[in-house]
């Protein structure tokens with residue numbers, strides 16, 4: 001990640017709704033000038049798979065202030081109260097840190113996360129960690145890291161596809177980590193991407209769709225589609241939040257999946 005000197009900053013008031021129509025959406029998420037891709041990708045992945053979970057974290061307590069409660073499976077849910085004032089660089093039109101295209105939830109959730117989990121360092125304390133931690137703290141569910149071997153001659157690739165597709169179909173928020181060495185210029189090395197779709201196209205080709213919270217490459221709709229062969233070549237792990245109690249209630253679209261149909 002690039003080094004940024006954060007001089008000449010001030011706090012400005014965010015305007016606009018907490019969530020846009022149909023939100024929260026993974027496509028709202030834009031990373032700012034701190035290395036928080038691990039957190040922003042987890043936020044986008046949760047917004048994709050469990051948007052109602054994001055909504056329920058926010059409690060409007062007074063004009064332009066919210067109490068944000070992070071889920072926890074041990075009964076000790078961290079909370080943070082935040083206002084709609086966030087850092088801007090002088091004369092800049094967008095926040096210094098994370099922002100959303102048409103809502104304020106992204107900036108406020110990042111601010112609340114920094115306040116709850118990096119109290120001493122603030123925003124600078126959320127640079128460079130692992131998506132597993134963010135997914136655990138955003139969902140309250142256990143998270144496992146699923147290793148992708150990247151060796152296309154290995155016979156376990158079909159099983160890897162089945163594992164990831166089953167997790168996605170079950171509503172699991174998922175974040176993929178890119179490899180250090182990259183042959184493609186449109187994939188950021190050592191970077192976290194939200195998994196937004198896993199499916200086969202009309203020709204039966206397996207695809208994984210990824211959203212880059214940093215937005216350095218202008219993909220159509222902000223998503224990078226990779227065949228599964230490409231995915232296991234350029235990415236080396238997927239952090240998967242294990243869907244817990246309340247799945248039927250939280251899944252916004254109400255879709256139920258029959259794994260026999262997915263895996264005939």
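Just so you know, all these numbers are worked out from the coordinates, no wet-lab data involved. Keep in mind that what you see is a predicted model, and the values were worked out from it rather than measured. Positions of Cβ are generated from backbone atoms using ideal geometry, with glycine treated the same way; all protein chains shown enter the neighbour counts.
Most tightly packed first, judged by the mean number of other beta-carbon atoms within 10 Å of their residues, the peptides 222-235, 11-24, 85-98, 186-199 read 186-199, 222-235, 85-98, 11-24. Distance between the pseudo-spin-label points of residue 15 and residue 69 (7 Å out from Cα toward the beta carbon): 3.3 nm. Taking the inverse of the mean 1/r over every pair of distinct Cα atoms in region 111-151 gives a Kirkwood hydrodynamic radius of 11.7 Å. Counting only Cα atoms, region 10-130 measures 43, 34, 28 Å along its principal axes, largest extent leading.
If we sort 134-146, 34-46 on the protection proxy, mean other Cβ atoms within 10 Å, highest first, what's the order?
Details: 134-146: 20.7, 34-46: 28.4.
Per-residue mean Cβ counts within 10 Å order the peptides as 34-46, 134-146.
Between region 26-65 and region 112-147, the C-alpha centres lie 12 angstrom from each other.
Using a simple spin-label model with pseudo-atoms 7 Å out from Cα toward Cβ, residue 120 and residue 85 lie 2.6 nm apart.
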